[in-house]
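The values are calculated or read from the model by the stated rules, or taken from the named source; none is laboratory data. Nothing here was measured: the structure is a model prediction, and the numbers come from that model. Quick reminder, even Gly has a Cβ in these numbers, built from the backbone with ideal geometry, and neighbours come from all protein chains shown. The protein model used for the area step is the full one, side chains on, heavy atoms only, and it has no ligands, DNA or RNA in it. Shrake-Rupley method; radii C 1.70, N 1.55, O 1.52, S 1.80 Å.
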Amino acid sequence: VVSSSRLGRWLTLGGLLGLSIGTVMAKGAGASHATVSVGAGSSSTSAPTSTSTSTSTSASTSHGSISSTRPPGSATTSPPSVTTQKVSGAAESFPYGTIQVELVLTGRRISDVLVLQAPQDGYSAQVAQNALPVLRNEVLAAQSAHIDTVSGASYDSQAYASSVQAALDKAHI
Amino acid sequence: MGTAVSFDIRGVQDQTSATSALDRAVRWLHHVDETFSTFKSDSELMRVQRGDIRRDCWSVEMSEVIELAADVEEQTHGAYQLRWRPDGAPDPTGVVKGWAADRASLILTAGGARAHAVNAAGDVRLAGRPGPHRVWSTGIAHPHRAGVLVAVVDGTDIGIASSGSAEQGRHIVDSRSGLPAAGVASATVVGPSLARADGYATAAVSRGADARELLERLDEAGWPSLLVTDNGEVWASAGFPGQVYPDGIPPESA
C-alpha cells in the first residue's frame, strides 16, 4: 500500500561542476509521468511531453541553479498508461555547453535514458559521461518496485562513454 | 573530478523546508568540488599538492578529509594510500565523494528531510525509512553484466560503497607493486560511514587477488563486504547483510 502523502520518487541529480538534473518519477503511485531537465545557470525547466502535467521550480545558487520538480498533488489520480512513450527534457545551456536527455517510459516503468545532446569538448564531455552512469543506476532501480537505489562501481564507464557517443552520433544525423 | 549525485527524498511533510535542505545539500557538494577538484588548478587541493599552502593554513574540510584518509590507510595497513603520488603529496580523492555524501545526508536530516538516499555516482548513503514498515533496498550492480544485480542489501542509516579497478578513468594502483591493480572487478563495503566504506572498497581493489584477506579483517571490525573477481567469482564476507545472487538477477525480479 502506497501512502497518499508520499511525494513519489523525488529525484534530483545535483551534479558537481555546475551540472544539475531534476527528475520526478512517481514510482508506483499510479501516475505515469516524468520530467527530466538538465542544466544550470538561469535556464528554466520546461514542461515535458508527457501524459500528465508537472509543476517545476528552479532555485538559484551562487554556483548555478538547481532544478527540482515534483509531481502535482493529484498525482495518484492521473490516468495510467500502458504505452511506450519518450519524454524529452528541454535542451538547456549551462556554462560548459548544452545537454538534453530523454527518458523512455514503458507504461509506468522507465526503461531507458538517452542523451540527445551533450557537450563534446574534453572537460564538459567528462562531466556528462560521469553523470550518465548515475542516471543508468537510477533507471535500474526504477525497473523494480522493490529496489530503491543501486550501488555500483563505474567499472564499465567506457561502455557508457560509447553509448553517449552513439547517442550523440544519432542526434547529429 | 566531476560527478553526479542523486537525491531520493521520501515522506516529506513540509515541502518548503525539504526543498531548502536539498538546496543546501547541493550547495555543499559544489563547495566540496571547488575545494577538492583536481581539474581546477586553483582549488585548495591542487594548491596543497603544489605545496602552496602550509599545513596550519588548510581549511577545516581539508584537514578533516586528509586525517580521515590517513586513518583509512592505517586501518587497511597501507592498502589504501594517501600519498601514492611520486611527489609524495596527499591525494584524498578516494574518500572525498563518500565523505561529501555523508555530510549531505546530515544536512538533509537537519533540514527535516529525514528519509533519503544520497547516491554519489554509485556510492550510497541511506537514512530514515522510505515507507512504512520497510527500510531501503539497495541493489548492487553486477560488474560483468550490464543491467543485472549481484546482490540486494536491505537497511538504513548506513553507507554502501562500491569500487572497481577502473573508477572514473583513474586506475587504482597496487601500493606494493606500483602497477595497476588486477583481480577485483568490484568490491562493495557496507558500514556506518560512507567515507570509510569508500576508502575500504578502494583498498580492496588495490589488493587485487589478496583482497579477501583484507575484507575478512574489515568484516570483523564491523565493515562487511561483497567481492566480485575479474573471473566472475562472487564472495560475501561473514557479516554481509544482503541477499547474494552469484548468477545475477534482473532488478524487476529482485
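Neighbours of residue B:36, meaning other residues whose beta-carbon lies under 12 angstrom from its beta-carbon, give a summed charge of -3 when Lys and Arg score +1 and Asp and Glu score -1. Residues B:46, B:62 ordered from highest to lowest accessible area at a 1.4 Å probe: B:46, B:62. Under the combined filter of DSSP loop state and at most 16 neighbouring Cβ atoms within 10 Å, segment B:172-230 retains these trypsin sites (Lys or Arg not before Pro): B:176. For chain B, a Gaussian network of Cα nodes joined below 10 Å ranks B:66, B:140, B:53 by mean-square fluctuation, and the top entry is B:53.
Principal semi-axes of the equivalent ellipsoid, √(5λ) from the alpha carbon gyration tensor of segment B:156-254, are 21, 16, 13 Å from largest down.
GNM on chain B, alpha-carbon springs under 10 angstrom: the most fluctuating residue among B:155, B:88, B:122 is B:88. Please tell me the relative contact order of chain B in percent, rounded to the nearest whole number, where contacts are Cα pairs under 8 Å and at least six residues apart. With pairs under 8 Å counted, the relative contact order is 18 percent. Counting only heavy atoms of the protein chains and using a 1.4 Å probe, residue B:194 has close to 0 Å² of accessible surface.
Model label points for residue B:60 and residue A:146, set 7 angstrom from Cα along the Cα-to-Cβ axis, are 4.4 nm apart. Note on segment B:1-141: Cα-only Rg and Dmax are 17.0, 53 Å.
When each pair of different Cα atoms in segment B:58-138 is counted once in the 1/r mean, what is the Kirkwood radius in angstroms, to one decimal?
14.5 Å
Summing Lys and Arg as +1 and Asp and Glu as -1 over all other residues whose Cβ lies under 14 Å from the Cβ of residue B:104 gives a net charge of -1.
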